[in-house]
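Contents: one structure, followed by commentary.
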Amino acid sequence: MKTLSVIIPCYNEESVIETTYRRVKAVLNSLRLISSQMVFINDGSMDKTMDILSDIAKKDRSVKIINFSRNFGHQAAVTAGIHHCTSDFAIIIDADLQDPPELIPDLLAKQAEEQANVVYCVRKKRTGENKFKLWTAKRFYRTLNKISEVNFPLDTGDFRLIDSQIIEQFKRFKERGKYIRGLISWVGFKQVPFYYEREARFAGETKYPIKRMVSFATTALLYFSKKPLLMAIGLGFFTVIVGIFMALWSIFGKIFGYTHAESGWTSIVTIMIFFGGIQLLTIGVLGQYIGILFDEVKERPEYIVKDFINWK
Ligand code: UDP
Ligand code: MG
């Protein structure tokens, strides 16, 4: 008999978690020939999420909880779920029911039909999200694809099915800044899309405000591409060319007398600001990569688990 783990990261989801449990449970009960469990990762919720989860876990032994010591972020929570997974398949799904749990049997069917290692869910439509988020997400995935060293499927979140081979490979990743959907594509094997319509959040609000969206996008970009460094070189090259022409212009000007040195103040200030700006910009790009090295070299754990419930 095959086994399945449903990995569900939760952060302040008190208003949905009970419904999520019931909907996922109903789906899992209907599965034949597969034994399943739910793994909730409580990512340092400050509301009643953990109390509700503990009550559920008392009644249902197939519900396992990984309880973090504080909030470590969505990607760390999913990572913990995969790290502790020993099943044949894992399905990663959000706690807010934006990814309908009713699709789980379809994902399993698709896997069996195509003998795939990954079935990733591609959003055909997203309801209940503002235009800004949709637009930035769309631009982000397309830009990332252009400049990164890997080709990622577009409009795909972490909602996906992965098999034991992928799970084992994922456990080997040592980097702490994880962009999970990118890493899974990077692994290779047979990956097939599954198209669905993403629903609106069932209740509660998004835990990805603009600041977190930017930091998520930055991790994805910097961990998967060295192109920003190349762009810095390109910019430097451009300014050197401009500089050479300006130098020639002023030297010949001096010789042939068509420039007046006394009236050169405006041009000097403009040039200083321009080159100063470019220098700061390129140092900034370099600094971002040094920041990553700094974080990675410390080798801190990605998350700290306070307790495991129903685990043994
Ligand atoms: N989440 C988490 N830790 C965080 C932020 C989010 O575990 O620090 C979980 C959250 O509970 C949800 C999933 O990650 O199950 C996706 O978050 P959210 O729905 O807020 O993101 P959105 O769908 O708005 O992009
Ligand atoms: Mg959501």
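The values are calculated or read from the model by the stated rules, or taken from the named source; none is laboratory data. Since the model is a prediction, treat every value here as computed from it, not as a measurement. Every residue, glycine among them, receives a Cβ derived from its backbone with ideal geometry; neighbour counts consider all protein chains shown. For the accessible areas, the whole protein counts, side chains as well, though only heavy atoms, and no ligand, DNA or RNA atoms are used. Shrake-Rupley method; radii C 1.70, N 1.55, O 1.52, S 1.80 Å.
Which of the residues belonging to region 275-312 are assigned to a helix (DSSP H, G or I), more than 20 Å from Thr218 (Cα to Cα) and open to solvent by 90 Å² or more (accessible area, probe 1.4 Å)? Can you show your working first?
From region 275-312, those assigned to a helix (DSSP H, G or I) are 275-297; that's our starting set.
Among the residues that remain, those that are also more than 20 Å from Thr218 (Cα to Cα) are: 275-279.
Gln279, the sole residue that qualifies.
If I ask for residues that are among the hydrophobic types (A, V, I, L, M, F, W, C), part of a helix (DSSP H, G or I) and under 23 Å from Thr86 (Cα atoms), which ones from region 1-32 would you list? Reasoning before the result, please.
Step one: filter region 1-32 for residues among the hydrophobic types (A, V, I, L, M, F, W, C), giving 1, 4, 6-8, 10, 16-17, 24, 26-28, 31.
Next, from what is left, pick out any that are part of a helix (DSSP H, G or I): 17, 24, 26-28.
Once the filter is applied, which keeps residues that are among the hydrophobic types (A, V, I, L, M, F, W, C), part of a helix (DSSP H, G or I) and under 23 Å from Thr86 (Cα atoms), region 1-32 yields Val24, Ala26, Val27, Leu28.
Only a single criterion out of (1) touching a Pro at 6+ places or on another chain (Cβ under 8 Å); (2) surrounded by fewer than 16 Cβ atoms within 10 Å (Cβ to Cβ) is not satisfied by Ala77, namely (2).
Taking region 1-14 only, how many residues are over 21 Å from Arg70 (Cβ atoms) and either among the β-branched types (Val, Ile, Thr) or surrounded by fewer than 20 Cβ atoms within 10 Å (Cβ to Cβ) (or both)? First the steps, then the outcome.
Let us first name the residues in region 1-14 that are over 21 Å from Arg70 (Cβ atoms), namely 1-6.
Of the ones still in play, those that are also either among the β-branched types (Val, Ile, Thr) or surrounded by fewer than 20 Cβ atoms within 10 Å (Cβ to Cβ) (or both) are 1-3, 6.
Selection size over region 1-14: 4.
Out of all the residues in region 160-170, is one or more within 19 Å of the chain's Cα centre (by Cα), more than 16 Å from ligand 2 (Cβ to nearest atom), surrounded by fewer than 14 Cβ atoms within 10 Å (Cβ to Cβ) and closer than 30 Å to Tyr303 by Cα? Looking through region 160-170, none of the residues is within 19 Å of the chain's Cα centre (by Cα), more than 16 Å from ligand 2 (Cβ to nearest atom), surrounded by fewer than 14 Cβ atoms within 10 Å (Cβ to Cβ) and closer than 30 Å to Tyr303 by Cα. Does Thr127 count as under 20 Å from Ala203 (Cα atoms) and surrounded by fewer than 18 Cβ atoms within 10 Å (Cβ to Cβ)? Judged against the criteria, Thr127 is a match. A single entry from Ser69, Ser35, Ser62 fulfils the requirement of being modelled with pLDDT under 95, away from ligand 2 (no atom under 16 Å from the Cβ) and open to solvent by 40 Å² or more (accessible area, probe 1.4 Å): Ser35. In summary, Arg176 fulfils each of the numbered conditions (1) surrounded by fewer than 16 Cβ atoms within 10 Å (Cβ to Cβ); (2) charged (D, E, K, R); (3) away from ligand 2 (no atom under 14 Å from the Cβ) with the single exception of condition (1). Taking first residues from region 1-17 that are more than 30 Å from Gln165 (Cα to Cα) and partners that are in a helix (DSSP H, G or I), the Cβ contacts under 8 Å between residues at least 6 apart in sequence or on separate chains come to Asn12/Thr49; Glu13/Thr20; Glu13/Thr49; Glu14/Thr49; Glu14/Ile52. Inside region 221-253, residues that are without any contact (Cβ under 8 Å) to a residue 40 or more places away in the chain and open to solvent by less than 60 Å² (accessible area, probe 1.4 Å) make up a count of 7.
A residue that is at negative phi, out of contact with any helix residue (DSSP H, G or I) (no Cβ under 9 Å at 6 or more places or on another chain) and within 16 Å of ligand 2 (Cβ to nearest atom) occurs somewhere in region 98-107. Look at region 206-217: where a residue is within 22 Å of Thr127 (Cβ to Cβ) and a partner is within 12 Å of ligand 2 (Cβ to nearest atom), sitting 6+ places away or on another chain with Cβ atoms under 6 Å, you get Lys207/Tyr11. Taken over region 184-220, the criterion of being open to solvent by 60 Å² or more (accessible area, probe 1.4 Å) and either away from ligand 2 (no atom under 16 Å from the Cβ) or under 22 Å from Ile166 (Cα atoms) (or both) is satisfied by Trp186, Phe189, Lys190, Tyr195, Lys211, Val214, Ser215.
The listed residues are Ala77, Ala112, Ala90, and the only one of them that is touching a residue at least 24 places away in the same chain (Cβ under 8 Å) and more than 12 Å from ligand 1 (Cβ to nearest atom) turns out to be Ala90.
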